[in-house]
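Please read the structure below before turning to the comments.
The values are calculated or read from the model by the stated rules, or taken from the named source; none is laboratory data. Keep in mind that this is a model prediction, so the values were computed, not measured. So basically every Cβ, Gly included, is an ideal-geometry build from the backbone, and we count neighbours across all protein chains shown.
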Amino acid sequence: MRLLITGAAGQIGQELIHAFHARGDEVVAADLRPRVAGAPDEAAWHTLDVTDSAACVDLCTRTRPDAVVHLAAILSARAEEERETAYRVNEAGTRHVLEACRRAGVPNLFFASSIAVFGPGLPQPVGDDAPTRPTTLYGVTKVIGEMLGEYHAQHCGLDFRAIRFPGLISDAEPGRGTSDYAVHMFRQGVRTGRYEAYCRPDTRIPLMYMPDAVRAVLELIDAPKNELRRCVYNIAAMSPTAQELAIVIAARTGAKITFKPDPARQAILDSWPQSLDDRHAREDWGWRPRYDLDAMAKEMISHLQSPPEAIRVGAKLPAA
């Protein structure tokens, strides 16, 4: 399979390049940023600005992928600060990529959505069909992306599939998402022995270790179409409080983690679900997480404590 990945230099994209390459797929990576260190030599790298509709059509036409994996996005915290950029990348960019698939005859598109599509006040755990009334611009643009994708599935014959990701944790440099307090706890806890989190200790949101998230993408892309009853799926793994996460990290590293909530970012966190109901993903394509909090902490800390030359993006992905 030939896959075109937009936003390939991002946190998920770097891991997916290796995951697809490892199983023998042909990868065409696209991003505004230059080729990332450690990307397989066999993966072609193209400069792409998804806000340029003609460039999206041109790249899809030239590379003729079997599927597009659309990851390019401005994340939640940055989106609130750079609204015009977020509109252009998240809303217009997704529209351009979908239209490029239609015009170039690309049959399949995977879209990275988010728990940010949900707003506050929902019964927990939050299911796939809960109302999507987000209070953040990032969440609004992800709802638009889901709806545009489903429109193309209904009217243009596109096989559109999407996952609403929880907050993702990996050793990669985070991209200014609001859930990044969890990543910083690990990174700063190991490297400096201390971190002051910008959330309350009782903050609880769904989290997931990156290897599980990458495997979920592979599994959903591979799932037989006739077994899927919907286009968009919740997936879940764990929902620790920030304090529970800090305790696990401190027990393994001795790090001192304190809390000083930032009102703007705390408001975003409070608007998101505390837990997700992912029964449809489990029933339709057999989704199951492999990492709980302890297993994630053990592997993350071990990886961060490894010498730099031993670290390679994608090295810790579990076998399928």
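Taken over region 54-77, the residue count meeting the criterion of being part of a helix (DSSP H, G or I) and either crowded, with 18+ Cβ neighbours inside 10 Å or touching an Asp or Glu at 6+ places or on another chain (Cβ under 7 Å) (or both) is 8. All conditions in (1) part of a strand (DSSP E or B); (2) more than 18 Å from residue 136 (Cα to Cα) hold for residue 36, with the sole exception of (1).
Does any residue of region 32-52 turn out to be closer than 27 Å to residue 212 by Cβ, touching a residue at least 60 places away in the same chain (Cβ under 8 Å) and in contact with a Leu (Cβ under 8 Å, 6 or more places away or on another chain)? No, region 32-52 has no match at all. Scanning region 158-204 for residues that are among the aliphatic types (A, V, I, L, M) and either outside any strand (DSSP E or B) or within 18 Å of residue 134 (Cα to Cα) (or both) yields 158, 162, 163, 172, 182, 183, 185, 190. Flag not set for residue 178, criterion: crowded, with 24+ Cβ neighbours inside 10 Å, β-branched (Val, Ile, Thr), touching a residue at least 60 places away in the same chain (Cβ under 8 Å) and more than 13 Å from residue 269 (Cα to Cα). Considering the conditions (1) among the hydrophobic types (A, V, I, L, M, F, W, C); (2) more than 23 Å from residue 93 (Cα to Cα); (3) in contact with a helix residue (DSSP H, G or I) (Cβ under 6 Å, 6 or more places away or on another chain), residue 156 is excluded by exactly one of them, (2). Restricting the search to helices (runs of 4 or more DSSP H) fully inside region 205-320 and requiring at least 3 residues that are modelled with pLDDT under 95 and among the charged types (D, E, K, R) gives an empty result.
Within region 122-164, the set of residues being touching a Ser or Thr at 6+ places or on another chain (Cβ under 9 Å), closer than 25 Å to residue 215 by Cα and buried (at least 22 other Cβ atoms within 10 Å of the Cβ) comprises 126, 138, 139, 141, 142, 145, 149, 162, 163, 164.
Residue 97: buried (at least 17 other Cβ atoms within 10 Å of the Cβ), over 25 Å from residue 288 (Cα atoms) and in contact with a Ser or Thr (Cβ under 9 Å, 6 or more places away or on another chain), yes or no? Yes. With respect to residue 116, determine if the residue is of a type in the set (A, V, I, L, M), part of a helix (DSSP H, G or I), farther than 24 Å from residue 234 by Cα and touching a helix residue (DSSP H, G or I) at 6+ places or on another chain (Cβ under 6 Å). Against the criterion (of a type in the set (A, V, I, L, M), part of a helix (DSSP H, G or I), farther than 24 Å from residue 234 by Cα and touching a helix residue (DSSP H, G or I) at 6+ places or on another chain (Cβ under 6 Å)), residue 116 does not qualify.
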